[in-house]
Structure formats: structure tokens, C-alpha cells
1. Could you list, in sequence order, all residues of region 43-69 that are within 15 Å of LEU92 (Cα to Cα), over 18 Å from the mean Cα position of the chain (by Cα) and crowded, with 17+ Cβ neighbours inside 10 Å?
2. So which of GLY150, GLY159 is out of contact with any strand residue (DSSP E or B) (no Cβ under 8 Å at 6 or more places or on another chain) and farther than 20 Å from GLU12 by Cβ?
3. Name the pairs whose Cβ atoms lie under 9 Å apart, with the first residue in region 1-22 and more than 15 Å from LYS57 (Cβ to Cβ) and touching a residue at least 24 places away in the same chain (Cβ under 8 Å), the second assigned to a helix (DSSP H, G or I) and among the acidic types (Asp, Glu), and 6 or more positions between them or separate chains?
4. Looking only at region 88-113, which residues are surrounded by 15 or more Cβ atoms within 10 Å (Cβ to Cβ) and either touching a Cys at 6+ places or on another chain (Cβ under 9 Å) or farther than 24 Å from VAL172 by Cβ (or both)?
5. Restricting attention to region 148-170, which residues are over 13 Å from the mean Cα position of the chain (by Cα) and either touching a residue at least 60 places away in the same chain (Cβ under 8 Å) or closer than 13 Å to GLY206 by Cβ (or both)?
6. Can you list the strands (runs of 3 or more DSSP E) lying wholly within region 1-95 that have 3 or more residues being in contact with a Phe, Trp or Tyr (Cβ under 7 Å, 6 or more places away or on another chain)?
7. Residues that are within 26 Å of SER35 (Cα to Cα), modelled with pLDDT of 95 or more and among the aromatic types (Phe, Trp, Tyr): list the helices (runs of 4 or more DSSP H) wholly contained in region 101-206 that include at least 1 such residues.
8. Checking GLN82 against (1) over 17 Å from GLN153 (Cβ atoms); (2) crowded, with 19+ Cβ neighbours inside 10 Å; (3) at pLDDT 95 or above: exactly one of these is not met. Which one?
Amino acid sequence: MLEIIKVCGIVEPADALVAVQAGATAIGIVFYSASPRYARLDQAAMVSAVVSSRALKVGVFVNETPERIRAVADAVRLDVVQLHGDEPPSDLDELKGLRVWKALPVGDNFDAAWMDDYDCEAILLDTAKADAYGGSGQTFPWRKAIEATGKRQIILAGGLGPDNVEEAIRTVTPWGVDASSRLESSPGRKDSEKVEAYVKAAQNAG
């Protein structure tokens, strides 16, 4: 059953407000400085304050140290940390006590058995792209995620938007869905109509 409808890459409090008012159950704040959706700590704190307890506040990290992740989670009052880089399973051991989602890239050689190494609440499947960690706006063959849903709580990402999220949910039956770049008017700036249409479509399917 669908539990997570996530809008990721939120930088502005106004965009966070649109997402939670539309019915998103999670918002993503990116703490990876190379991303066009990077949020400074002061921006993240304002987003967190707007969201409050109305949705999960998910911090997205790429190859960051567990110590830094804990510090940011405390400072911004995150509910979940999402590891979206090349983090080894041992990093999760150092994040005990936090809710953790681990992103895995899905390419031609994806093997659902990779998930077994990660002790975390959920696995996020995103489109593999050689020069970026997420935010590609491209889908992957959803059949690769179907096997995974039988093993773990899966959050489906990669190229989702208002036009295809309902089909994706009905095909994969994930625990959650995550969209970012296809909900934007420009990198880091959400289009309210697209956000509302995406959430409504996900709700209809879930």
C-alpha cells in the first residue's frame, strides 16, 4: 500500500507549503552542494519549520560522513535521512537510531540482491546516471523494481511526474514514490500546478 508521496529538492518554504497542502507525505531537502537543488542550513531550517509535523522531513545526503549527517539531522530536525551516494553498508551501522532510506541506482546490471546488504527502513530505486546522483528526470524499466517490492519497502523514483506516477504505482505497487525535477519550473523551484497534479495522481493510484 502506498504510504509515501514525496516531493524532493525543495529549497523554498513556499514550495514546501504547496507540497504539504497538496497532500505530500514527505518532502526532500538536498544537502549535496553539487546539486542545483542544494539547500543551505538556514534555508533548510525555514523549510523544516514550515512543514513542521505535517509531512516527513527527509534530508538527502551524498557521500557524507555519518557525523555530519547526524549534526544536520539534529540542526534541521529531520525525520529521515536518505543516503543517495555510494555509501557502504557500514555507514548505516553508524546511523543507528535514525530512520534511513538508501538509494540504489538502477541500470542494466541492477540486481535486487544488492538491497540485502543495507539495514534500513526503505530502499529508494532511482535511474542510474553516470554524471549525477539523482534528479535525472529519466525513468528506468519498472519491471526491474517489481522483484524488489517483494523483498523490501521500495520507494520508486526516477522521472516521475503527473503524467506517469499513477501508472508507475499500479505497475510496481511501491511503498512510496519520489519526484523532483519533473515538478519544477526551474532547478530548485517547484511548479505548484505540477506538484498538485502529481500528488493527486499518486493519491488516485494508491
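1. PRO66 - this is the single residue of region 43-69 that is within 15 Å of LEU92 (Cα to Cα), over 18 Å from the mean Cα position of the chain (by Cα) and crowded, with 17+ Cβ neighbours inside 10 Å.
2. On the way: GLY159 fails: out of contact with any strand residue (DSSP E or B) (no Cβ under 8 Å at 6 or more places or on another chain).
Matching residue, one of GLY150, GLY159: GLY150.
3. The qualifying pairs are VAL18/GLU196; ALA22/GLU196.
4. Of all residues in region 88-113, those surrounded by 15 or more Cβ atoms within 10 Å (Cβ to Cβ) come to 91-92, 95, 98-106, 110, 112.
Passing the criteria: ASP91, LEU92, LEU95, LEU98, ARG99, VAL100, TRP101, LYS102.
5. Hits for region 148-170 are VAL165, GLU166, GLU167, ALA168, ILE169, ARG170.
6. Values: elements: 4-7, 26-30, 56-61, 80-83.
Here the list reads 56-61, 80-83.
7. Values: elements: 143-149, 165-172, 192-205.
Output list reads 192-205.
8. Only one criterion in (1) over 17 Å from GLN153 (Cβ atoms); (2) crowded, with 19+ Cβ neighbours inside 10 Å; (3) at pLDDT 95 or above is unmet by GLN82, namely (1).
The values are calculated or read from the model by the stated rules, or taken from the named source; none is laboratory data. What you are looking at is a predicted structure, and each value in this text was computed from that prediction instead of being measured. Cβ coordinates were reconstructed from backbone atoms using ideal geometry, including for glycine residues, and neighbour counts include every protein chain displayed.
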